[in-house]
1. Ranking request for peptides 203-212, 216-225, 235-244: highest mean number of other beta-carbon atoms within 10 Å first, then the rest in descending order.
2. Using only alpha carbon positions, build the gyration tensor of the range 174-235, then give the equivalent ellipsoid semi-axes as the square roots of 5 times its eigenvalues, largest first, whole angstrom.
3. Of the peptides 283-291, 335-343, how do they stack up when ordered by the mean number of other Cβ atoms within 10 Å, highest first?
4. Given R₀ = 45 Å, what would the calculated FRET efficiency be for Thr40 paired with Lys127, taking r from the Cβ atoms and rounding to 0.05?
5. Using the structure shown, list the pairs from Lys69/Lys120; Lys82/Lys127; Lys120/Lys244; Lys216/Lys313; Lys52/Lys82; Lys193/Lys276 with a Cα-Cα distance above 30 Å, or answer none.
6. With labels modelled as points extended 7 Å from the Cα through the Cβ direction, what inter-label distance (nm, one decimal) is found for Glu350 paired with Asp163?
7. Mind checking which aspartates and glutamates have their C-alpha under 15 Å from Lys147, skipping anything on the same chain fewer than 8 residues away?
8. For the peptides 323-333, 40-50, what is the packing order when you average, over each peptide's residues, the other Cβ atoms within 10 Å and list the highest mean first?
Amino acid sequence: MTKILFTTSRRDVLRGGAGLLGLMATPAVFTGRATAADTTLTVTSWGGDYNKSVREVFADPFTAETGIKVTLVDNGDMAKVKAQVQGNNVQWDVIDAPAAFATSGARDKLWEELDMGIIKPGELIAKPAADYMPMYLYSGGLLWDDKRTPDGKHPVDFAGFYDFAKYPGRRVMRSLASETLEVALVADGVAPKDLYPLDIDRAFAALDRMKPHVSKWAATTPDQVNAVVQNEGDFSYSYFNRVKSAQKAGAPLAFSFEQTVNSLDYFAVPKGTKNKEAAMRFIDFCLRPDRQVAWSVRGYYLPNSVAAMDEVKKSPSGDFLPDLTNGKNVIVNSQWWGENYTAVQKRYAEWMLI
């Protein structure tokens, strides 16, 4: 199994940035335009405004500088990645991978080893593994429609999300086990610091109580938000950047920072890609401090570049970033998910159908 150089414990995330803010990372320098064999790149993404952010902050500037065209594919299906690699027919060059995807893919030997001769990111808060690179930290929490459920009528933490007597209403649930199980266990009384290893049976017992109240199973994060906007559900778990996008479009949504789940997002390169060098260049480009600042300010994320962190915290987006010192908040253990994702997701998918 690939050695994990960084696991997302609260201590490590906090310790990684201590005393390092303000250091300047050296941006990579491209020595020329792309070669004929490396002029296209396919990157998976996650739809909606997220795709627009990737296009504006990463893809288009990368193309302008290198001549390498970037195509975004709205598909993060790990089963398809595995089929491509094992069938020697890799079509996606860079995978935008949440923690469970990145680490389980490493376990299954789906990723190319990172070329640190090309990727020169400067000082990072979360260190890379041999074959996947942490890019930023994102936060999930509860959302609701402010007009339909005014103050006092909606949950603000995970226990409230599972308190159907106090907060009656339709729940929207994601068809993905990672983070869903963490929320269920915290709602059931497990302290965030004691979550791992996850008690799977206890989590599914809590989910059994949730199931009768679910009005929609969301396949994607935009679906979670849209279900509440379109009155298909009353309360959902999703991500603040998704809620903020909906707010800008006029939706009367609100989001609670009272309790959040925080996880690193990674980039990985499928083994066997024909565009390996371009993929490594793209990862290097996205880690530049200026790109990390632009990404984090636009999407309300914590950057992984030390040099970018100070600027992001001082920006207007700094008021909407998670407090990792808050003991109510969860930090996803990516190593645990790497070892357990396939089996747990299979059980979760089967449980949804029962």
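A short reminder: the numbers here are calculations on the coordinates, not readings from a lab. Values in this document were obtained by computation on a predicted structure and should not be read as measured data. Glycine also receives a Cβ, built like all others from the backbone with ideal geometry; neighbour counts cover every protein chain displayed.
1. Packing proxy ranking, top to bottom: 235-244, 216-225, 203-212.
2. Working: eigenvalues 112, 29, 19 Å².
Here the semi-axes work out to 24, 12, 10 Å.
3. Working: 283-291: 22.3, 335-343: 20.7.
Put in order of decreasing packing, that is 283-291, 335-343.
4. Working: r = 30 Å, r/R0 = 0.67.
Once rounded, the FRET efficiency stands at 0.90.
5. On the way: Lys69/Lys120 21 Å; Lys82/Lys127 25 Å; Lys120/Lys244 32 Å; Lys216/Lys313 36 Å; Lys52/Lys82 26 Å; Lys193/Lys276 39 Å.
With Cα atoms farther than 30 Å apart: Lys120/Lys244; Lys216/Lys313; Lys193/Lys276.
6. With each label placed 7 Å out from Cα toward Cβ, I get 3.5 nm.
7. Glu232, Asp234
8. Numbers: 323-333: 17.7, 40-50: 20.3.
Ranking the peptides 323-333, 40-50 by packing returns 40-50, 323-333.
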